[in-house]
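Structure, as structure tokens:
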Amino acid sequence: IVLTNLYEFGFDANALMMMTAFSANMKIALENAELMKDSIEKEKYKSELLLARNIQQKLLPQKLPKIAHYSISAFNMPATEVGGDYYDIVKLSNGDFCIVIADVSGKGISAAFYMAQLKGVVLAVASTCTSPKELLSKVNATLYGNMEKSMYITMSAIRLSSNGVDSDFARAGHMPFIIKRDNKVEMLIPKGLGIGLSSADRFDKYLERAEIKLNQGDAVLLFTDGINELRLDHDEEFGYEPLYEIIAKDHEFADDMIEDIKNEIIARKGMIAGHDDMTLVAIINKNGTIAKTE
């Protein structure tokens, strides 16, 4: 504010005090207007993120199919409004079901974008594959060179055979499978590189297929690193041990196993949310007691 007067010493002390108070009020009004503008923009951005979250959640299975011989349950929680974790159940060309779980590097919008792209690729190639290894190979061949160099995806897949016994696994740099067989808990870590990190020749060279037989009562747990790396009090991690202890229990259904893990997280942390996206998929062999979905 600039004031002028035709006369020397034309402003007395009272006039100056009044204009100082007026300019202070103007400053507050302008700052409030800017804050209101920022608030409106933030609300708009928040609404768009919530919409993006709703859309992304619809990309995940809304209802898991009932598969003969198996009980299956899943849980997903992004660290922010949107995340990069993905899981799905697809059908292979031989009619067997394949469960996939993946984790896009990073968090937020960029990870969510690649998560959506990954789902499209998985759905496109699944019907041409007969095994998890072939599925991961084709996903990498499609995405390699089409992702930012700073981005990559870890992914695992397991085929559930129609006979309810034979299963095979493949892993592209993802977390290990935790398996309970014959009441013994073990970790299965087939070799494999992350998706988007190397060309098809190099990727396929290091991609390993593991085959095991699952009998009644055996179980498999798939998860992303947001679970085992969950930060607890005193900067401790949740780790693998609680997962070993929970999968070792006799759960009748996979839903019970997932609930036990969630309850254990709440007991140790006080809440379920973490600093990273969290996803769990539990599978229990029921030896034919679950009706097959057509």
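The values are calculated or read from the model by the stated rules, or taken from the named source; none is laboratory data. Here the structure is a predicted model, which means the values were calculated and not measured. Every residue, glycine among them, receives a Cβ derived from its backbone with ideal geometry; neighbour counts consider all protein chains shown. Side chains are part of the model used for accessible areas, which takes the heavy atoms of the whole protein and leaves out ligands, DNA and RNA. Shrake-Rupley method; radii C 1.70, N 1.55, O 1.52, S 1.80 Å.
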- Query: So what is Rg over Rh here for region 81-218, counting just Cα atoms and using Kirkwood for Rh?
  - Reply: 0.97
- Message: Can you give the log10 of the normalised intensity I(q)/I(0) at q = 0.18, 0.22, 0.23 Å⁻¹, computed with Debye over equal Cα scatterers of region 194-294?
- Response: -0.95, -1.10, -1.14
- Task: Find the eigenvalues of the gyration tensor of the Cα atoms of region 162-207, then list the square roots of 5 times those eigenvalues as equivalent ellipsoid semi-axes, largest first, in whole angstrom.
- Result: 26, 13, 7
- Most fluctuating of Leu280, Leu64, Leu92 in the GNM of the chain (C-alpha, under 10 Å) is Leu64
- Message: Please list, ordered by chain and number, the residues whose modelled amide H lies under 5 Å from the amide H of Met278; skip anything fewer than 5 residues away on the same chain.
- Response: Met77, Ala79
- Task: Select from Met155, Ser93, Ile179 the residue farthest towards the positive end of the dipole of the chain; place +1 on Cβ of Lys and Arg, -1 on Cβ of Asp and Glu, and compute about the Cα centre.
- Result: Ser93
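GluC sites (Glu not before Pro) within region 236-284: which are DSSP loop residues with at most 13 other Cβ atoms inside 10 Å? Mind showing how you got there, number by number?
Values: sites: Glu236, Glu237, Glu245, Glu252, Glu259, Glu264; in loops: Glu236, Glu252.
The qualifying sites are Glu236, Glu252.
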- Message: Please give me, ordered by residue number, the GluC sites (Glu not before Pro) of region 72-176 that lie in loop per DSSP and have at most 13 other Cβ atoms within 10 Å.
- Response: Glu148
- Message: Running a GNM on the chain with Cα contacts under 10 Å, which residue among Asp182, Asp12, Asp201 ends up with the highest mean-square fluctuation?
- Response: Asp12
- Query: Most fluctuating residue of Ala282, Ala24, Ala172 in a GNM of the chain with Cα springs under 10 Å: which is it?
  - Reply: Ala24
- Item | Residues in region 146-181 reached by a label modelled at Lys213 [backbone nitrogen below 17 Å; 7 Å Cα→Cβ] | 160-169, 180-181
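Can you give the net charge of the other residues whose Cβ lies under 10 Å from the Cβ of Asn285, counting K and R as +1 and D and E as -1?
Working: positive: Lys180, Arg181, Lys213, Lys286; negative: Asp218.
Local charge sum for Asn285: +3.
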- Message: Please list, by residue number, everything in region 120-134 whose backbone N is under 20 Å from a paramagnetic label point 7 Å out along Cα→Cβ of Leu59.
- Response: 120-127
- Query: FRET efficiency for Tyr7 and Ile109, Cβ-Cβ distance as r, R0 = 41 Å, nearest 0.05?
  - Reply: 0.10
- Note on the structure: Rounded to the nearest 10 Å², the accessible area of Ser162 using a 1.4 Å probe with every protein chain kept is 80
- Note on the structure: The answer for trypsin sites (Lys or Arg not before Pro) in region 139-174 that fall in a DSSP coil and have at most 10 neighbouring Cβ atoms within 10 Å is Lys149
- Item | Table column - 3J(HN,Hα) (Hz), region 199-215, Karplus curve with 6.51, -1.76, 1.60, x for Gly and Pro | 5, 4, 4, 5, 4, 5, 5, 9, 7, 10, 10, 10, 10, 9, 10, 10, 9
- Query: Whose amide H sits under 5 Å from the amide H of Gly239, counting only residues 5 or more places off or on another chain, with H placed in the peptide plane?
  - Reply: Glu229, Leu230
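Taking N as the number of residues in region 130-287, what is its alpha-carbon radius of gyration divided by 2.2 N^0.38 Å?
Values: Rg = 16.6 Å, N = 158, 2.2 N^0.38 = 15.1 Å.
Ratio of Cα Rg to 2.2 N^0.38 Å: 1.10.
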- Query: Which of Lys42/Lys63; Lys138/Lys249; Lys138/Lys184; Lys205/Lys286; Lys191/Lys262 have a Cα-Cα distance over 31 Å?
  - Reply: Lys42/Lys63; Lys138/Lys249; Lys138/Lys184; Lys205/Lys286
- Message: To the nearest 20 Debye, how big is the dipole of the chain about its Cα centre, given +1 on the beta carbon of each Lys and Arg and -1 on that of each Asp and Glu?
- Response: 1040
- Using the C-alpha atoms of region 157-241, what convex hull volume per residue, in cubic angstrom, is computed? 112
- Task: Compute the length gained on full extension between Gln117 and Asn146: take 0.36 nm times their separation in residues and subtract their Cα-Cα distance, giving the result in nm to one decimal.
- Result: 9.4 nm
- Per q in 0.13 1/Å, what log10 I(q)/I(0) does a Debye calculation on the alpha-carbon atoms of the chain return? -0.90
- Which log10 I(q)/I(0) values, to two decimals, does region 97-147 give at q = 0.17, 0.18, 0.21 Å⁻¹ under the Debye formula with one point per Cα? -0.51, -0.57, -0.76
- Note on the structure: Taking every other residue with Cβ under 11 Å from the Cβ of Leu123 and scoring Lys and Arg +1, Asp and Glu -1, one gets +1
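Over the chain, average the accessible area per residue using a 1.4 Å probe and give it in Å², no decimals.
Numbers: 15700 Å² over 294 residues.
Per-residue value: 53 Å².
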